[in-house]
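The values are calculated or read from the model by the stated rules, or taken from the named source; none is laboratory data. Worth saying up front: this structure is predicted, and the values here are computed from it rather than measured. Note: areas computed on protein heavy atoms with side chains; ligands, DNA, RNA excluded. Shrake-Rupley method; radii C 1.70, N 1.55, O 1.52, S 1.80 Å.
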Amino acid sequence: MTHDSPEQLFENLLYFVQRDPESKWPWIKEHFMSAVAGDVGAAESLAHCLKHCSPIVAMWFNARRVRGDISLPVVGVVLRTTYQNGQILGGFRNLGISTRNVVRMFEAAGPHIMIPEDITTLCDLSEPLQVYRGCIGSARAAQHSLSWTTQRYMGEEFAELHANYDRQEGVVYSGIVQSKNVLAYFSGRHEFEV
């Protein structure tokens, strides 16, 4: 398989995020080139900067990982940043990408999607994990949803948030899960999210 040069990869990404390659993107290009070379800090900065189209960027990085152009740690940090920017699920849904495909990307990224402190926290949580999801809708829909929390009060906050936003009754569901079945743990937004 022939791999594209970093320049070709950059031009390709700009095409997918609908930007003119001749635009004023020197900072973006610099961080992109560093990310392609394996710099996870540059990948995180790039994902923050492109958050308006981060689901597209995450899909692009994952597709290039499959081809062997981008390292797994870089894809993991792009997915984490996209998720923590609040763009991953709704953004993917808007692109017609199923939750199952998002799960597959998370599974492929493995521990690379988490910061070291979150890996440690996940390992230190007592088994089995009690988890909560604040939302609107049925228990069946919640059962197959991502974004649960280990803190009941956080589930209650999300139920209230959804109730206010969607003008429907919010509800908190709870469940039990083994940590080996958790795709990731995120503390970055102080939501204790699994």
Residue-normalised value, i.e. accessible area per residue, for the chain at 1.4 Å probe, in Å², stands at 54 Å²
For segment 122-178, the Cα gyration tensor yields equivalent-ellipsoid semi-axes (√(5λ), largest first, whole Å) of 22, 12, 7
Longest principal axis of the chain (C-alpha) makes with the long axis of helix 72-84 (C-alpha) an angle, in degrees to the nearest 10, of 50 degrees
Relative contact order as a percentage, the chain, C-alpha pairs under 8 Å and 6+ apart, gives 16 percent
Taking alpha-carbon centroids only, segment 147-194 lies from segment 31-91 a number of Å equal to 24 Å
Summing -39500 (n - 2.57) over every DSSP H run of at least 4 residues in the chain and dividing by its residue count gives a helix-only mean residue ellipticity at 222 nm, to the nearest 500 deg cm²/dmol, of -16500 deg cm²/dmol
Expressed in µm² per second, the diffusion coefficient of segment 29-117 from the Stokes-Einstein equation, with Rh the Kirkwood radius over alpha carbon pairs, at 20 °C and 1.002 mPa s, is 171 µm²/s
Sorted list, accessible surface of protein heavy atoms, 1.4 Å probe, largest first, for His31, His52 is His52, His31
Longest principal axis of the chain (C-alpha) makes with the long axis of helix 26-36 (C-alpha) an angle, in degrees to the nearest 10, of 80 degrees
Sorted largest first, the Cα spans of segment 56-179 on the principal axes come out in Å as 46, 35, 22
